[in-house]
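> Before I ask anything, here is the structure I am working with.
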Amino acid sequence: MALVASRCTGLLLPDLCASLAGLRRRSTPASSLSLRPRRGRRRLGSLSCVAPPDSAEPQTDEPAAKDDSTEDKAEASSASQDAGNPTFPNKDLSRRIALVSTIGAVGLFAYQRLDFGGVSLKDLAANATPYEEALSNGKPTVVEFYADWCEVCRELAPDVYKVEQQYNLLPRDRVNFVMLNVDNTKWEQELDEFGVEGIPHFAFLDKEGNEEGNVVGRLPKQYFLDNVVALASGEPTVPHARVVGQFSSAESRKVHQVADPRSHG
């Protein structure tokens, strides 16, 4: 029996081993799959598409560069517009400019009014210094003998007014300007004293009341101005001391004379 078993074993063992080996080969994949431990869920990495260097698609950085260029141009355009269009910093400055413009317009209007003869003899008389005051305030004086009906007197009124304003606005060069109306009988003595025969008659007196010279009739404005400058400067004489131009006869006053001692004109 032992011999039989040994033979059987020797005959069957190789076949059995081969069968077991084949079975192991066939069953290993299934066994390995079933016995492999799970280590958790697999995580997928992030995917990104990278274009090849020679790709025709534009780079992602280029639009940003274009946007930056557009913003720079917009800022430059805005800066140029701001530089070309200045704005006032506040309302106070605008008000000051408006005030200066208004004053300038008023001054221009007044100047044009003078140039076109807008000043009348009544205006001169209203601004004149009373004769008695002029003789006592220690300042040089210009005395004008005039009449409302005197055509030359009316023509010269704007020029006389300009000179008066020039020296009456400067305290250091103040000069008295006196207007005496020849139609007023109050001034008969002064007419004789100054020898008035024609009007307008301008007598130039120093600060003591002494006459340095006179100008009669229509003469250039410069003559009148030169004499006033000499008086204001304290000169002993005036450059135009005895000058006569076209004038109106003082004798015509007898037709228009009125007695008005209250008026200094």
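Bear in mind these aren't lab numbers, they're just calculated from the coordinates by the rules spelled out. The structure displayed is predicted, hence computed values, not measured ones. Glycine also receives a Cβ, built like all others from the backbone with ideal geometry; neighbour counts cover every protein chain displayed.
> Given charges of +1 on the Cβ of Lys and Arg and -1 on the Cβ of Asp and Glu, with all other atoms neutral, how large is the dipole of region 121-256 about its Cα centre, in debye to the nearest 20?
About 360 debye.
> May I pose another question? Please give the FRET efficiency for ALA241 paired with ASP192, using the beta carbon to beta carbon distance and R0 = 22 Å, rounded to the nearest 0.05.
With a Förster radius of 22 Å, E is 0.65.
> Viscosity 0.692 mPa s, temperature 37 °C: give me the Stokes-Einstein translational D for region 121-256 in µm²/s, with Rh taken as the Kirkwood radius over C-alpha pairs.
224 µm²/s
> Expressed as a rounded percentage, what relative contact order does region 121-256 have, with Cα pairs under 8 Å and six or more residues apart?
With pairs under 8 Å counted, the relative contact order is 29 percent.
> Neighbour counts of other C-beta atoms within 10 Å: give me VAL178, VAL163, VAL100 arranged from fewest to most.
VAL100, VAL163, VAL178
> Oh, and also: Which ³J(HN,Hα) values, rounded to whole Hz and listed in residue order, are derived for region 209-218 from phi using the Karplus coefficients 6.51, -1.76 and 1.60 in 6.51 cos²θ - 1.76 cosθ + 1.60 with θ = phi - 60°, glycine and proline given as x?
Each residue's phi maps through the Karplus curve to give x, 8, 6, 9, x, 8, 10, 10, x, 7 Hz.
> Lys pairs in region 121-256, Cα-Cα under 20 Å, at least 8 apart or on separate chains: how many?
Lysine pairs, 8 or more places apart or on different chains, close enough: 7.
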